[in-house]
Amino acid sequence: MVHFIGAGPGAADLITVRGRKLLREADVVIYAGSLVNPALLEDCRPDCEIHNSAFLTLEEVLRLMADAEAAGKTTVRLHTGDPSVYGAIREQTDALDRMGIPYTVTPGVSSVFGAAAALGAEFTLPGVSQTVILTRMAGRTPVPEAEQLSKLAAHGASMAIFLSAGMLDGVQAELLKGAYTPDTPAAIVYKATWPEERVCRCTVGTLAETGQRENITKTALLLIGGFLAGDYERSRLYAPDFSTEFRAAAGEEQP
Ligand code: SAH
């Protein structure tokens, strides 16, 4: 059995209870060494075999999983944040399906939520945006034409940009081709939830100079949108004149 587990954004206590239990029980652990907090591995059994996938190809990862399975062992594949976001798990689960090896997936706290927490922000503010776009700039991995940053920027929605802290000039230029202006609030969140976390609030117009000044080129998320500052409307759900299944509006009979 192979368990894919989201390790969370960095802080070792942000893995889920389920993920930690599976990690503690594992015979073999393959962790994404570039971003998973090594402190998480302190929970592993002393006889656990630990591999850093930063040094491995997909084929080598699959070989380790297949060998463990053949020996009746349990493998944990530990991915940063949540495995479903830029986690490259599909190519692994498809291969496991072909090999007849069963697996489970345990979600994790994505860094996008670690970053929002660091900012004390809410992505979905009434009157500002009710949509969150998770995306990246094209780099060595291309992005489909219809999803170019400038096109997504046309919506002016709340946006979280992964894997792009090293291309801030390009990001800034693309965003300004859309609905954002140089004054649109933005933030660069470096290593959210790690002890070395840094939060740099800026605007779309100052993204590149902020990254340069703070010397941030990787392990950062770029958050963009009016949700980071300014006005918004109160929620309807908690408004006195709004009735719900559980609460009558002011002046109405209780449900
Ligand atoms: N599956 C991960 C994302 C992996 S892609 C998740 O759900 O978070 C790697 C990118 O994620 C990095 O380039 C960076 O943009 C972002 N990232 C990962 N951990 C981060 C953190 N603690 N703080 C800020 N950005 C982070």
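Figures for the structure shown
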{"item": "Residue within the range 98-112 that is open to solvent by 70 Å² or more (accessible area, probe 1.4 Å) and without any contact (Cβ under 8 Å) to a residue 60 or more places away in the chain present", "result": "yes"}
{"item": "Enumeration of residues in the range 131-181 that are more than 16 Å from the ligand (Cβ to nearest atom), in contact (Cβ under 8 Å) with a residue 24 or more places away in the chain and in a loop (DSSP other than H, G, I, E, B)", "result": "Thr131, Gln148, Gly156, Ala157, Lys177, Gly178, Ala179, Tyr180, Thr181"}
{"item": "Tally, over the range 114-173, of residues that are open to solvent by less than 30 Å² (accessible area, probe 1.4 Å), more than 21 Å from Asp82 (Cβ to Cβ) and under 19 Å from the mean Cα position of the chain (by Cα)", "result": "3"}
{"item": "Residue within the range 79-88 that is open to solvent by 30 Å² or more (accessible area, probe 1.4 Å), under 22 Å from the mean Cα position of the chain (by Cα), within 11 Å of the ligand (Cβ to nearest atom) and among the β-branched types (Val, Ile, Thr) present", "result": "yes"}
{"item": "Options Ile30, Ile50; residue that is open to solvent by less than 30 Å² (accessible area, probe 1.4 Å) and either at pLDDT 95 or above or farther than 29 Å from Leu163 by Cβ (or both)", "result": "Ile30"}
{"item": "Hits in the range 222-255 (condition: of a type in the set (S, T, N, Q) and either open to solvent by less than 90 Å² (accessible area, probe 1.4 Å) or in contact (Cβ under 8 Å) with a residue 12 or more places away in the chain (or both))", "result": "Ser235, Ser243, Thr244"}
{"item": "Number of the exception - Arg77 against (1) farther than 27 Å from Ala220 by Cβ; (2) among the basic types (Lys, Arg); (3) not in a helix (DSSP H, G or I)", "result": "(1)"}
{"item": "Search result, residues across the range 33-67 that are more than 20 Å from Arg18 (Cβ to Cβ) and among the small types (Gly, Ala, Ser)", "result": "Gly33, Ser34, Ser53, Ala54, Ala66"}
{"item": "Matching strands (runs of 3 or more DSSP E) fully within the range 2-74 where at least 3 residues are under 22 Å from Asp94 (Cα atoms) and either touching a residue at least 40 places away in the same chain (Cβ under 8 Å) or among the aliphatic types (A, V, I, L, M) (or both)", "result": "2-6, 28-31"}
{"item": "Failed criterion for Arg201 (all others in (1) closer than 12 Å to Leu119 by Cα; (2) within 13 Å of the ligand (Cβ to nearest atom); (3) not polar (S, T, N, Q) hold)", "result": "(2)"}
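The values are calculated or read from the model by the stated rules, or taken from the named source; none is laboratory data. Just so we're clear, the structure is a prediction, and the values are computed from it rather than from any experiment. Because the Cβ atoms are built from the backbone with ideal geometry, glycine has one as well, and the counts that use them run over all protein chains shown. Heavy atoms of the whole protein, side chains included, go into the accessibility calculation; ligands, DNA and RNA do not. Shrake-Rupley method; radii C 1.70, N 1.55, O 1.52, S 1.80 Å.
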